[in-house]
Amino acid sequence: MTEDASMRTEPKDSDWIRVTSKNGFSYLARRNVVNASGTLKNMLDVDSNFAEGISRVCPIEERPYIVEKLMEYMMFKAYYSKVGPKEDIPVHDFMERIPAPIVLELLLAADYQDM
Amino acid sequence: MASGLRSTRGRGKTIKAPKRHGPEVSVDATWTQLSQNLKEVLNNNAEKLSFEENHRFAYNLVLWKSGALLYKGVMELVVANLAKLAHEDVTPSFPTGAASDPVHQSHEAEMLLKALRRIWDDHTGNMTKLSQLLSYMDRIYTKSADVPQTREAGLKLFFEHILRPPSAIQEHVIAAILSQIQSERDGYVINRSALKECVDVFLSLETEKDGPSAYERDLEPAILKESQKFYASEGEKLIDSCDAPEYLRRVEARFTSEEDRTHHYLSPHSHPPLRKILEDHLLTAHSSTVISLPNSGLDVMIDHNQFDDLARLYRLFIMVPSGLPCLRKALKESVASRGRGVNKASSDPTDIATDTGQGKASGGGKPRIATSAAQTLSLALKWVQDILDLKDHFDQILIRSFKSDREIESALNEVFESVVNSNERCSEFISLFIDDHLKRGLKGKSDTEIDAVLDKTITIFRYVADKDVFERYYKGHLAKRLLHGRSVSDDAERGMLAKLKVECGYQFTHKLEGMFHDMKLSDDTMQAYRTHLEQSNPPDVPISVTVMTSSVWPVTQPNVSCSLPPALGKSCKSFEQFYLSRHSGRRLIWQMSLGNADVKVAFKNRTHELNVSTFALVTLLLFEDLPADEFLTYSEIREATSIEDSELKRHLQSLACAKYKVLKKHPPGREIEETDSFSFNEDFSANLQKIKISTVVSKVETAEERKATKGHVDEERRHQIEACIVRIMKDRKHMTHNDLVHQVARQLSARFAPEPADIKKRIEGLIEVRVSCSLPSSWHIPDAMALQREYLERCNDRKSYNYLVCVKRLRWSLLRLELLT
């Protein structure tokens, strides 16, 4: 990873991005998935060249459980933003997968992540 | 979709965020830390900083309701940074003004532009980073506080602190841009990309919200002003120093280079005003001067077939509204002056052949007599050919240089029409030209060539206003061709007829077709006659007769008769009997003057076959039984043949004074006098077995003949106008004077251009009760009927007319019809 960072290659959708949470959990996702979050996208912007953009490691200061849900949503958004206009988007299914107790916390995190 | 998801999940605004336990760190401490980091970002040291950390600082500050502090602080940082950049980078690049050499100056200007671009790039890069870091502020704070987002604020700050007084930068930059443009116009090479990048800065800056860009407000007017100044003097300079083609070349180069310029580094938005400046100063201001430049203007270009230059002229001139009219006017003048030349050349020997005026309308004219007439013929041919060449030349130019522009075409048509019609003998000349081509020109030319020539002639014919005059001449010439079998190709004749039909309609060619019809009928009749002769006993002299319908053929001269020798008389009688037995109720009138004959004459050396006109034959036959050394005086011949003086003289001349001298004239001479006497020339010899003695050369009319023709034409026109008036009034019943005149003129325009005064006269003629005394009393027409000629009546307002239908007139016209038929 450090090698890649020093090379400053063009960003590719298929780049692997590591997202870390509190308590030391980390998640790997493609760049196009992570781009579903505005904040993460800015963070990884190659032109601006912040530390995270170079290392391709993005911290999200939330509980692992929340981060996992965020990642799940990013996958969901990245996948369905590409399907044709006629295809049904199972928003309801997704909402049912959000447990009620974490709703507020998740909402706050999503707002911070601009997604 | 994303928004849909968001809305279902809600936002911090609608659902209150869970309360935090107050700021863990103080606002001030957070800001101090953040501002430190932001300074680092502005110094391009972002890679050392954590995005997440700083983003969270900003996030916290906004959450802690310190957005205003954050925003203001950031702006201050940006302003300070801009000042630093300007001071470090741009100000040192200001031109020193010391350099006088243009290359150096240009270099300095380029450096300044590059510096400006550098700080611009720096600044926008910074602003991007800041806006990324402060995205939460942009999302939440700027909206509620109604201030521009980070990025826009950055552009605004740049504009306010760099490109606006009191900063001297703008002034210097604009001056640098202008000097760069100027040096490119002067032919130096400049760094276009530096210029373009700099102009882009101006383009992307808005002077106020949704207002014009800095480019539109500050840069463009300066550029336009400078351009205006430059091209005003450039126009003057070029017109003084260049000839027309060179001027046009330069101007076109200017146009392309300016277009190139706007395309490459100025805004496309500036193209129209720049172009307008060019058009105003290089074209509109000088168009008429260029076109009429002596030794190189339009006329000279046309003379030298400079198609490319002419095409350039056209391309440039259609850009400006005054260009095309100017070009049209100049073209018209050019054609008109050339046309005048052609017309003048054709009318120089005006009083041709007044002395040889004794007839050349029929029979066998002699080429010798008519030298001057032949000259006129060649003059006619030359005139048509010249006009054709002229037209060809301009058509070429029209197609090759003027893209067949409609307006120019119509201008050319107009001027050609006036040129052609300004030669009052145009109809005659054109007819002669066609005649000549159908008779002689066909030899040695292919059918397609002939067709092309005739096609072109038709285009000239189209310009002729008095088509009826042409018809008259064409009829005469066609009749001669048909009767004397001079027409080389029947197909060509019919082709020509078809062309005329297309041009002028059925009416026009009706009679001409009738002539062809008669020729065909006569062939059939002759066939039948010969079969008839085989069964009965044939007369000694075989004859071939063409029966012509008198209303169709132009038989202009009164019937000149002669007393035929008995042998011929018998043949005629025989045919007459045959013909009348087939068609009852017809009358045959022999037109001797139009005929010709083959006769075998035994001279001393050999026997020749002569082809002579009927009159010449009759004359020759007088010498048949005469001893070789005896004479016949002129008066004896006249008595024996009873041919009219003028005709007789002409035929004697062709027999005794022309190329083949079958008769001897005593005393010898060129002109026939009444005191002359003639004898048979036994010693006559020629190389050819068959000799054609009299040739009908279609000649130009003499002045008198022309006057006669004009009289005929005028009379015909009078009838046509009257007929037309009655036709119109019959249809309309009531009409005002002006409408009527207009209608008549319109309907007749296909045939000729009637004068309004003439029409008025005709109308009056139709109104007045004419007391006619010219009717022969033998007609026994009741006075009341003969005197009435009221077709129209004038209304009380004295401006319009009513059509009168009255029984009397109907009967009268019936009566007249009978009398005429």
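Some observations on this one:
- The lone exception for A:F76 - which of (1) more than 30 Å from B:V41 (Cβ to Cβ); (2) within 11 Å of another protein chain (Cβ to nearest Cβ); (3) surrounded by fewer than 19 Cβ atoms within 10 Å (Cβ to Cβ) it fails: (3)
- Which listed residue, of B:L620, B:L626, B:L610, is open to solvent by less than 50 Å² (accessible area, probe 1.4 Å), part of a helix (DSSP H, G or I) and touching a strand residue (DSSP E or B) at 6+ places or on another chain (Cβ under 8 Å): B:L620
- Matching entry among B:E534, B:E513 (being on the phi < 0 side of the Ramachandran plot and within 33 Å of the chain's Cα centre (by Cα)): B:E513
Quick grid of which residues meet (1) under 16 Å from B:K690 (Cα atoms); (2) modelled with pLDDT of 80 or more; (3) among the acidic types (D, E); (4) touching a Cys at 6+ places or on another chain (Cβ under 6 Å):
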site	(1), (2), (3), (4)
B:S593	no, no, no, no
B:T607	yes, yes, no, no
B:S613	yes, no, no, no
B:L626	no, no, no, no
B:E636	no, yes, yes, no
B:S646	no, no, no, no
B:R650	no, no, no, no
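One line per residue, one yes/no per condition, for (1) surrounded by 20 or more Cβ atoms within 10 Å (Cβ to Cβ); (2) of a type in the set (A, V, I, L, M, F, W, C):
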| position | (1), (2) |
| --- | --- |
| B:K48 | no, no |
| B:N54 | yes, no |
| B:A58 | yes, yes |
| B:L61 | yes, yes |
| B:A83 | no, yes |
| B:D121 | no, no |
| B:T124 | no, no |
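- Residues within region A:26-49 that are outside any loop (DSSP other than H, G, I, E, B), open to solvent by less than 30 Å² (accessible area, probe 1.4 Å) and at the interface with chain B (Cβ under 10 Å from one of its Cβ atoms), tallied: 5
- Set A:M95, A:M71: member being without any contact (Cβ under 8 Å) to a residue 40 or more places away in the chain and among the aliphatic types (A, V, I, L, M): A:M95
- Number of the exception - A:P11 against (1) at the interface with another protein chain (Cβ under 8 Å from one of its Cβ atoms); (2) open to solvent by 50 Å² or more (accessible area, probe 1.4 Å): (1)
- Every condition in (1) at pLDDT 85 or above; (2) more than 14 Å from every other protein chain (Cβ to nearest Cβ) is met by B:D210 except one, and the failing one is (1).
Yes or no, residue by residue, for (1) free of Cβ contacts under 8 Å to residues at least 24 places away in the same chain; (2) hydrophobic (A, V, I, L, M, F, W, C); (3) open to solvent by 70 Å² or more (accessible area, probe 1.4 Å); (4) at positive phi:
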{"residue": "B:I277", "(1), (2), (3), (4)": "no, yes, no, no"}
{"residue": "B:S287", "(1), (2), (3), (4)": "no, no, no, no"}
{"residue": "B:P294", "(1), (2), (3), (4)": "yes, no, yes, no"}
{"residue": "B:L298", "(1), (2), (3), (4)": "no, yes, no, no"}
{"residue": "B:M301", "(1), (2), (3), (4)": "no, yes, no, no"}
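- Test: residue in region B:510-525 that is under 30 Å from B:A411 (Cα atoms), open to solvent by 20 Å² or more (accessible area, probe 1.4 Å) and assigned to a helix (DSSP H, G or I): no
- Restricting attention to region A:79-102, the residues that are more than 8 Å from chain B (Cβ to nearest Cβ), of a type outside the set (A, V, I, L, M, F, W, C), outside any helix (DSSP H, G or I) and within 30 Å of B:D138 (Cα to Cα) total 1.
- Residue ID - least open to solvent (accessible area, probe 1.4 Å), chosen from residues in region B:303-332 that are under 24 Å from B:W383 (Cβ atoms) and in a helix (DSSP H, G or I): B:L331
- If the condition is being buried (at least 19 other Cβ atoms within 10 Å of the Cβ) and within 16 Å of the chain's Cα centre (by Cα), then region B:333-345 contributes B:S334, B:V335, B:G339.
- One residue alone among A:E105, A:E68, A:E52, A:E62 is facing another protein chain (nearest Cβ under 8 Å) and under 17 Å from A:N23 (Cβ atoms), and that residue is A:E105.
- B:E503 being open to solvent by 50 Å² or more (accessible area, probe 1.4 Å), assigned to a helix (DSSP H, G or I), farther than 21 Å from B:L594 by Cα and touching a residue at least 24 places away in the same chain (Cβ under 8 Å): yes
- Of all the listed residues (B:N37, B:N44), the sole one being open to solvent by less than 80 Å² (accessible area, probe 1.4 Å), in a loop (DSSP other than H, G, I, E, B) and at pLDDT 80 or above is B:N44.
- The residues in region B:393-438 that are open to solvent by 50 Å² or more (accessible area, probe 1.4 Å) and part of a loop (DSSP other than H, G, I, E, B) can be counted, and the count is 3.
The values are calculated or read from the model by the stated rules, or taken from the named source; none is laboratory data. Small disclaimer: the values here were computed from a predicted structure and weren't measured. Reconstructed Cβ throughout: ideal geometry from the backbone, glycine too, with neighbour counts over all protein chains shown. These accessible areas exclude ligands, DNA and RNA; they are computed on the full protein's heavy atoms, side chains included. Shrake-Rupley method; radii C 1.70, N 1.55, O 1.52, S 1.80 Å.
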